[in-house]
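The structure appears below as structure tokens.
The values are calculated or read from the model by the stated rules, or taken from the named source; none is laboratory data. Note that the coordinates shown come from a computational prediction; the quantities given were computed from them, not determined experimentally. Note: ideal-geometry Cβ built from the backbone for every residue, glycine included; neighbour counts use all protein chains shown. Side chains included, ligands, DNA and RNA excluded: accessible areas come from the protein's heavy atoms. Shrake-Rupley method; radii C 1.70, N 1.55, O 1.52, S 1.80 Å.
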Amino acid sequence: MKTKIRKLNPFKNKRLEHAYVWEKVYDLNLKKNNIKCLDYGGHDGMLIEELLKSNVINNGFTVDLNIDVINKNKNSLSKNHKMFDIKKGESLPFEKEYFDLITIVGVIEHVYDQNSLLKEIYRVLKPDGRIIIAVPGKHLFSFLDFGNWKFIFPVFHKWYIVKKYGYEYYDYHYVKCANGLIGDVEKEKAWHEHFTHKSLNKLLLDNRIKVTHKDGFGFFYRIFHNIKWLLPSTKIIFNLLIKIDSKIFSSAEIFIKGKKIDENFRIRK
């Protein structure tokens, strides 16, 4: 990862994708005051909470398909933070051109109709608005992504989930598929997608979003992460290896910052 992480970045020792978001929002805050931000698929709202605490945004909104996690967290938010559960395929509950900034971290790879999602994001983003996206990178070790083990190794996956969380949890999330999701992936998608910078750039440009900055982290990340997960006693050493790997390479996870293109823009074929 080439982006420099400031000492005051609250994510510097946590999730690098959130650390990247914070850095880009901090830079944007230096140029523009009173930033209104939406975190799409923001789960527990942690990203917006930290952005508000750092005073790099003024108003934050988190939306997610998972109504359970929304209900669990919506009553313990900062004053300027609101949470909403959303329905798959429905419009967002916001007016046109409402947000200065939209973040989508670890979400697009779970979505079946990515174009519809990005069209809706385009609708609620201001004409000079910015967007920050993080997705898994497509590279040599993509096949090690745990997010796809439920499809590749269903028997092992069921055994692990039942052992860790109980059968009711497995039945609710992976059999009944609450909110139209298999775990955290839309049923129609049924795969945790990986992107190259080129494929992500095309998807965004097709939806009138221009990439203005790109970055990422890791190459051996999925190997190190999987070993750490399977053998918790190795956590310290593999956390160190992940940290080194993230500074040298940038293909296991990819990040972009983009901006909204005028709706009259015509894409060159």
Accessible-area order (highest first, 1.4 angstrom probe) of the listed residues Lys126, Lys198, Lys96, Lys260: Lys198, Lys96, Lys126, Lys260
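Is there a quick way to get the dipole size of the range 92-222? I mean about its Cα centre, with the Cβ of Lys and Arg at +1 and of Asp and Glu at -1; what is the value in debye to the nearest 20? Intermediate values should be presented prior to the final figure.
Working: 19 positive and 16 negative charges, 63 e Å.
It works out to roughly 300 debye.
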Ellipsoid equivalent to the range 116-177 - semi-axes via the Cα gyration tensor, in Å: 34, 18, 9
Dipole check, the chain, charges on Cβ (K,R +1; D,E -1), about Cα centroid: among Val185, Ile227, Phe217 the Cα furthest to the positive pole belongs to Phe217
Would you please state the base-10 log of I(q)/I(0) at q = 0.08, 0.14, 0.15 1/Å for the chain, with intensities from the Debye formula using one equal scatterer on every alpha carbon? -0.33, -1.08, -1.26
For q = 0.12, 0.22 Å⁻¹, Debye-computed log10 I/I(0) when each Cα of the range 143-257 counts as one equal scatterer: -0.60, -1.17
Whole-percent carbon and sulfur contribution to the accessible surface of the chain (1.4 Å, no ligands, DNA or RNA) stands at 54
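Of all DSSP beta bridges in the chain, what percent run antiparallel (nearest 5)? Mind dumping the intermediate values first?
Numbers: 17 of 38 bridges.
Of the beta bridges lying entirely in the chain, close to 45 percent run antiparallel.
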Cleavage-rule hits, GluC sites (Glu not before Pro), the range 179-221, DSSP coil, Cβ neighbours within 10 Å at most 14: Glu188
What is the ratio of the Cα radius of gyration of the range 79-183 to 2.2 N^0.38 Å, with N the residue count, to two decimals? 1.34
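Could you estimate the translational diffusion coefficient of the range 89-142 from the Stokes-Einstein equation, with Rh from the Kirkwood formula over C-alpha pairs, at 20 °C and 1.002 mPa s, in whole µm²/s? Don't jump to the answer; show the numbers that get you there.
Values: Rh = 12.3 Å.
Translational diffusion coefficient: 174 µm²/s.
Taking 20 °C and 1.002 mPa s as the conditions, I'd like the Stokes-Einstein D for the range 2-45 in µm²/s, using the Kirkwood hydrodynamic radius from alpha carbon pairs.
So the translational diffusion coefficient is about 186 µm²/s.
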Kyte-Doolittle cut-off 0.5, length cut-off 15 Å along the helix's own axis using Cα: show which whole DSSP H helices in the chain pass. 235-248
Starting from 0 in steps of 10 Å, tell me what percent of the Cα-Cα pairs of the range 198-269 lands in each bin. 19, 33, 21, 18, 8, 1
What ranking of Ser233, Ser250 comes out by heavy-atom accessible area, probe 1.4 Å, highest first? Ser233, Ser250
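From the helices alone, meaning DSSP H stretches of at least four residues, give me the mean residue ellipticity at 222 nm for the chain, per-run term -39500 (n - 2.57), in deg cm²/dmol to the nearest 500. Intermediate values should be presented prior to the final figure.
Details: 10 runs with 96 residues, N = 269.
That comes out to -10500 deg cm²/dmol.
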From zero up to wherever the largest Cα-Cα distance of the range 1-154 sits, split into 5 Å bins and tell me the percent of pairs in each. 2, 9, 17, 20, 21, 16, 10, 4, 1, 0
With the 1.4 Å probe rolled over protein heavy atoms, the chain has an accessible area per residue in Å² of 55
Protein-only accessible surface order, largest first, of Asp128, Asp171, Asp85 at 1.4 Å: Asp128, Asp85, Asp171
